[in-house]
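Quick note: the coordinates plus some simple rules give every number you see, no bench work behind them. Please read all numbers here as calculations on a predicted model, not as lab measurements. Cβ sites come from the backbone with ideal geometry, for glycine too, and all protein chains shown count toward neighbours.
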C-alpha cells in the first residue's frame, strides 16, 4: 500500500484558485469602503464649510450684499478655502406657526428670509428671520 506524502498539482492549483478568489473579494470590499470613507469625509468637510460661511454672513464679515431691486433678494459672493460661494437671501411670507383664533390679532403669515448657499457644487437651503 502506497502512502501519500505531498499534494498533487491539481490540489495545489485548486487551493490557489480558492485563495485568489477570496483575496479578490476582500480587496474589492476594502476598495469600496475606502471610496465610501472618502465620500463621507468630503461631505462632512463641505457641510462644515457651509456652516462656516453661514456664520460669516451672520457676523457681518461678508460686508454689504448686492440687492436685486425687483425681488429684494440680497446676494453675497466670496471665497472660502479657495472655493467660490454664493449666498442668496430672498424675502418671503410663511404661514404663522402660532394657531390663530377668532379673537386673536395674530398675523396669518410672518416674514422670513429663505437662504440658499452654493459652495463646491453643493446647495444648502434654510429659513431665518434675520
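Odds and ends about this structure:
- Qualifying positions in region 1-38 - assigned to a loop (DSSP other than H, G, I, E, B) and surrounded by 10 or more Cβ atoms within 10 Å (Cβ to Cβ): 7
- Taken over region 106-130, the criterion of being surrounded by 14 or more Cβ atoms within 10 Å (Cβ to Cβ), under 21 Å from residue 44 (Cα atoms) and free of Cβ contacts under 8 Å to residues at least 40 places away in the same chain is satisfied by 116, 118.
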